[in-house]
1. Pick from the range 71-81 the residues that are more than 9 Å from Phe134 (Cα to Cα) and within 18 Å of the chain's Cα centre (by Cα): which of them is surrounded by the fewest Cβ atoms within 10 Å (Cβ to Cβ)?
2. Go through the range 9-18 and give me each residue that's over 16 Å from Glu61 (Cβ atoms) and free of Cβ contacts under 8 Å to residues at least 40 places away in the same chain.
3. Are there any pairs, at least 6 apart or on different chains, whose C-beta atoms fall under 9 Å, with the first in the range 119-144 and under 28 Å from Gln26 (Cα atoms) and modelled with pLDDT under 85 and the second part of a loop (DSSP other than H, G, I, E, B) and among the charged types (D, E, K, R), and if so, which?
4. Say whether the condition of being in contact with a His (Cβ under 9 Å, 6 or more places away or on another chain), under 19 Å from Ser120 (Cα atoms) and not small (Gly, Ala, Ser) is met by at least one residue in the range 26-37.
5. Answer with yes or no whether Leu9 is aliphatic (A, V, I, L, M) and touching a Lys or Arg at 6+ places or on another chain (Cβ under 8 Å).
6. Name the residue that is surrounded by the most Cβ atoms within 10 Å (Cβ to Cβ), counting only residues in the range 11-43 that are of a type outside the set (Ser, Thr, Tyr) and touching a Ser or Thr at 6+ places or on another chain (Cβ under 8 Å).
Amino acid sequence: MTATTRKTLVRWLTFNAVGGLGILVQLATLALLISVAKVNYLLATALAVEAAVLHNFTWHERFTWADRRSVTITDMALRLLCFNLSNGLISIAGNVLLMRLFAGHLHVPYLIANVLTIASCALLNFAVADRLVFSKSGQMIPRGCCR
C-alpha cells in the first residue's frame, strides 16, 4: 500500500468517524424537531441535516483535513460556504428526496429511513469534500468553488 493510498484510507476512516457523530447529531435533532417541536418531517429533515453539516465541517476542518486547514477566518468562512453548497446541498437534497421515498411512500420508520439516506450520500460527499472543499492544491479553496 502506497503512502498516498494509506493517507486516503485514514482520511476516509476519519471522515466516517466524524460522519458517525454527525449522524447522532442529525438523528437527535430530527427526533426533537418531529417529536417535541411537531415540525413536518421534511422540514425537520432539512434542518437536522444542516445541524449535522455544521457539526461535520467543524470536525473535518480540525481532524479529517487538518493538514489542509484554513489559514484565515475569511478562508474558513469561504470553505464553510463551499462545504454547505456542496456537501450540504447533496445531503439536504438527497435526504429530503430519499426521506420522501422511504418514509413518505414506503412507510419506513423515519429514523431508519434517515439512516438509509445518510449512507446513500456518504461516498459522494467524501469525494466532493476531498477534491473540492478541502483541496490539496496551494489554494485553500479551488477557483471553481465559491469564488
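1. Selected residue: Ala77.
2. Keep residues of the range 9-18 that are over 16 Å from Glu61 (Cβ atoms), which gives 9-10, 12-13, 16.
If the condition is that a residue be over 16 Å from Glu61 (Cβ atoms) and free of Cβ contacts under 8 Å to residues at least 40 places away in the same chain, then Leu9, Val10, Leu13 are the ones that fit.
3. Met140/Arg69; Ile141/Arg147
4. First pass over the range 26-37, keeping only residues in contact with a His (Cβ under 9 Å, 6 or more places away or on another chain): 26.
Checking the rest, the ones that are also under 19 Å from Ser120 (Cα atoms) come to 26.
Now restrict to residues that are not small (Gly, Ala, Ser): 26.
The answer is yes; a qualifying residue exists.
5. Working: aliphatic (A, V, I, L, M): yes; touching a Lys or Arg at 6+ places or on another chain (Cβ under 8 Å): no.
No: the conditions fail for Leu9.
6. To start, the set of residues in the range 11-43 that are of a type outside the set (Ser, Thr, Tyr) comprises 11-13, 15-28, 30-34, 36-40, 42-43.
From what is left, the residues that are touching a Ser or Thr at 6+ places or on another chain (Cβ under 8 Å) are 11, 15, 18, 30.
Values: Arg11: 21, Phe15: 22, Val18: 20, Leu30: 24.
Selected residue: Leu30.
The values are calculated or read from the model by the stated rules, or taken from the named source; none is laboratory data. As the structure is a prediction and not an experimental result, all values here were calculated from the model. Every residue, glycine among them, receives a Cβ derived from its backbone with ideal geometry; neighbour counts consider all protein chains shown.
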